[in-house]
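Every number in this text was worked out from the coordinates using simple rules, so none of it is lab data. The shown structure was predicted, so the numbers you read here are calculated from the model rather than taken from an experiment. So basically every Cβ, Gly included, is an ideal-geometry build from the backbone, and we count neighbours across all protein chains shown.
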Amino acid sequence: MPIIYHIATQKDWNQAQQDKLYRVESLADVGFIHLSTKEQMLKVANAIFRGREDLMVLSVNTEKLQAELIWEAPHHPPTDQTPETTETELFPHLYGALNLDAVINTVAFLPEVDGTFTLPDLLNE
């Protein structure tokens with residue numbers, strides 16, 4: 001079962017529980033939901049979400065996705081920091097809402113004292 005990950009806010013995840021689908025601003029803004037591999041997740045977290053304490057990681061089973069998943073070049077949100085990526089690195093982008101039955105686990109994603117992130121213990125297994 002191929003697993004990819006999404007860094008979510010607790011607020012967005014709570015809204016998804018009510019809506020029965022997970023939608024975020026990027027879906028309306030750029031047409032997809034940003035996801036990453038386990039190896040890519042810390043680059044994204046430390047560049048874009050540094051110090052945020054309202055985050056969680058969604059583990060997503062790609063075989064259960066209902067929307068189209070496309071692996072493509074990164075599309076960075078407009079921030080001062082962008083993750084370090086290579087020219088050939090591809091990121092998973094979900095072109096539609098995330099169906100909740102594809103989310104197989106959720107884990108709190110809290111920064112260290114210096115604001116940086118490390119992988120939650122459950123993702124190190």
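Take Gln40 and tell me if it is closer than 20 Å to Ala108 by Cα and either more than 12 Å from the chain's Cα centre (by Cα) or small (Gly, Ala, Ser) (or both). Answer is no for this residue. Just one residue in the set Leu35, Leu58, Leu42 is hydrophobic (A, V, I, L, M, F, W, C) and more than 10 Å from Tyr5 (Cα to Cα); that residue is Leu42.
Filtered by the rule that a residue be of a type in the set (S, T, N, Q), surrounded by 14 or more Cβ atoms within 10 Å (Cβ to Cβ) and over 24 Å from Glu72 (Cα atoms), segment 1-57 gives Gln10, Gln15. Among residues that are touching a Ser or Thr at 6+ places or on another chain (Cβ under 6 Å) and charged (D, E, K, R), Asp54 is included.
Residues in segment 1-44 that are of a type in the set (Phe, Trp, Tyr) and closer than 14 Å to Ala67 by Cα: Tyr22, Phe32.
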